Amino acid sequence: MTTSENGTVTANSVFLPVGYVDIESTLDGGQAFRWWAEETSSNDTVVGAYRGIVGRRALRVVEADGGLIVTPVDGKDANGLSHSMIEYLGQDQDLDGFRTKFADDPCLGPALRGYSGLRVLRQDPWECLFSFITSSTSNIPRIKLNVGSAAEHLGYLVGPNPRDVTFPEPEVIAEAGEQFLRDLGFGFRAKYLVPAAEAVASGQLKLTDLREAPYAEARHELVGLYGVGEKVADCVLAFSLDKPESFIVDRHILRALHKWYDLPDKASLTYAADWARDYFGHHSALANQYMFHRERLARRASEWGGAHVKRALSEDE
């Protein structure tokens, strides 16, 4: 066993000392859509184990004391995984400053104590853009089905499982065309996905350059795409383009802002997002995820009961 700058590496795994990460909430809670709980041969879910793709590597991620154990499942060794996974987990975000500043916040304080392992991911911008255009008037299971289907039909297999596939480049999506995506079940979203793919493939939209652009400029570029509104743009900015001031407003978040921060009853989604960015500052994306997670689990506990009650905060039961 040898030790690198970022973690302890063995021949087939790497330990990342990144502190507690709740991988279910982080990897399968609405930010990314190509992770799944791994199952044994007896179809029992392996607790704390998720499998997915980062870049062109197929990985298994397991929670461990003080961090994560990452194991490649693509037949390659673990070289390079430390750096790519630490970037993917957004480890350079100001988590400590966020926790300190909002420890006594009426909404975020309890969420930080109850869901301390939630992270904001730093994903591939093209896959993130495709995924959140796909998310329009949809839900997490359907988004995962659609995005996974596009990858399995158009990506490259890098592991033994049919889902161990790279995400198709924008050129591939553009060439496949709108009807192909409709046939895969994307419905009306196909007419937005193909122009986005064409814009990225042609260089009209340089997604990675937006990481260096100011927030307002990057947001303006994204909403200039056909079918991309403020919500989708802010998702892409928060989850892939290094814009911690991005704040996404949906029905869960709008409800939380009314409940906890006395937002005006008739506030528009645009007003709510602007207000939140001003209030939470460069912690906006983190605040957004903790707020969303708390509201989503509280609503599930209220509407569905059963095991969902255990995941809600005691204050929300």
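Sorting check: for 205-218, 52-65, which peptide has the highest mean count of neighbouring beta carbons within 10 Å, and how do the rest follow?
Working: 205-218: 15.4, 52-65: 18.9.
Highest to lowest by the protection proxy: 52-65, 205-218.
Please get the size of the charge dipole for segment 251-316, origin at its Cα centre, with Cβ charges of +1 on Lys and Arg and -1 on Asp and Glu, quoted in debye to the nearest 20.
The dipole magnitude comes to about 320 debye.
Once you put a point 7 Å from the Cα of SER314 and another 7 Å from the Cα of ALA64, both along the Cβ direction, what distance in nm separates them?
About 3.3 nm, to one decimal.
Cα centroids of segment 226-273 and segment 186-205: how far apart, whole angstrom?
Segment 226-273 and segment 186-205 have Cα centres spaced 23 Å from each other.
Rounded to the nearest 0.05, what FRET efficiency do HIS282 and ALA37 have when you use their Cβ-Cβ distance and R0 = 30 Å?
The computed FRET efficiency comes out at 0.35.
Quote the charge dipole size of segment 125-240 about the Cα centre in Debye, to the nearest 20; the model charges only the Cβ of Lys and Arg (+1) and of Asp and Glu (-1).
The dipole magnitude comes to about 440 debye.
Per-residue HN-Hα couplings for segment 93-110, Karplus 6.51 cos²θ - 1.76 cosθ + 1.60 at θ = phi - 60°, whole Hz, x for Gly and Pro?
5, 7, 5, 5, x, 5, 5, 5, 5, 10, 4, 9, 5, x, 9, 6, x, x
Along the charge dipole of segment 125-240, Cβ charges K/R +1 and D/E -1, which of SER138, ALA238, GLY148 sits furthest on the positive end?
So the residue furthest toward the plus end is SER138.
For the residue pair TRP304 and TYR20, what label-to-label distance in nm results when each label sits 7 Å from Cα along the Cα-to-beta-carbon direction?
Roughly 2.3 nm, to one decimal.
Quick one: go through segment 277-311 and flag any residue whose amide nitrogen is under 13 Å from the point 7 Å out along the Cα-to-Cβ line of ALA103.
none
Can you list the chymotrypsin sites (Phe, Trp or Tyr not before Pro) in segment 78-187 that are in a DSSP coil and have 15 or fewer other beta carbons within 10 angstrom?
TYR156
Need the full-extension length gain, ARG211 to ASP74, defined as separation in residues times 0.36 nm minus the C-alpha distance. One decimal, nm.
That pair, ARG211 and ASP74, stretches by 46.4 nm at full extension.
About the Cα centre, and with charges only on the beta carbon of Lys, Arg (+1) and Asp, Glu (-1), how big is the dipole of the chain? Nearest 20 debye, please.
About 620 debye.
At a Förster radius of 25 Å, what calculated FRET efficiency corresponds to the Cβ-Cβ distance of LEU157 and SER84, to the nearest 0.05?
The formula returns an efficiency of 0.80 here.
State the label only: which of (i) 19.4, 59; (ii) 19.3, 66; (iii) 28.3, 88 corresponds to Rg and Dmax of the Cα atoms in Å computed from the shown model?
Among (i) 19.4, 59; (ii) 19.3, 66; (iii) 28.3, 88, the one derived from this structure is (i).
Identify, among PHE33, PRO106, ALA312, the residue whose Cα sits farthest towards the positive end of the charge dipole of the chain, taking +1 on the Cβ of Lys and Arg and -1 on the Cβ of Asp and Glu, with the dipole about the Cα centre.
ALA312
Residues of segment 243-265 with amide nitrogen under 19 Å from the 7 Å Cα-to-Cβ point of ASP94?
Flagged as within label range: 243-248.
Sort segment 194-317 into rounded, prolate or oblate with this rule: let a ≥ b ≥ c be the square roots of the eigenvalues of the Cα gyration tensor; rounded if a/c is under 1.5, and if a/c is not under 1.5, prolate when a/b is larger than b/c, oblate otherwise.
Because a/c hits 1.5 or more and a/b exceeds b/c, segment 194-317 counts as prolate.
Among LEU297, LEU257, SER268, which residue has its Cα positioned farthest towards the positive end of the charge dipole of segment 251-316, with +1 placed on the Cβ of Lys and Arg, -1 on the Cβ of Asp and Glu, and the dipole taken about the Cα centre?
Value computed over the given set: LEU297.
Once a ≥ b ≥ c are taken as the square roots of the eigenvalues of the Cα gyration tensor of segment 247-294, is the result rounded (a/c under 1.5), prolate (a/b larger than b/c) or oblate (a/b not larger than b/c)?
Oblate, since a/c reaches 1.5 and b/c is not below a/b.
Can you give me the Kirkwood hydrodynamic radius for segment 125-240, using every pair of distinct Cα atoms, in Å to one decimal?
14.3 Å
Which of the lysines could a cross-linker span from LYS144 if the Cα-Cα distance has to be under 20 Å and same-chain partners fewer than 8 positions apart are dropped?
Straight-line reach from LYS144, under 20 Å: LYS191, LYS231.
Report the label-to-label distance for LYS259 and HIS220 in nanometres (one decimal), using points 7 Å from each Cα along the Cα→Cβ vector.
Taking the two extended label points, one gets 3.7 nm.
Where a number appears in this text, it was derived from the coordinates with a stated rule and is not lab data. This one's a predicted model, so the numbers in the text were calculated from it and none came from an experiment. Every residue, glycine as well, gets a Cβ built from its backbone with ideal geometry; the counts of neighbours run over all protein chains shown.
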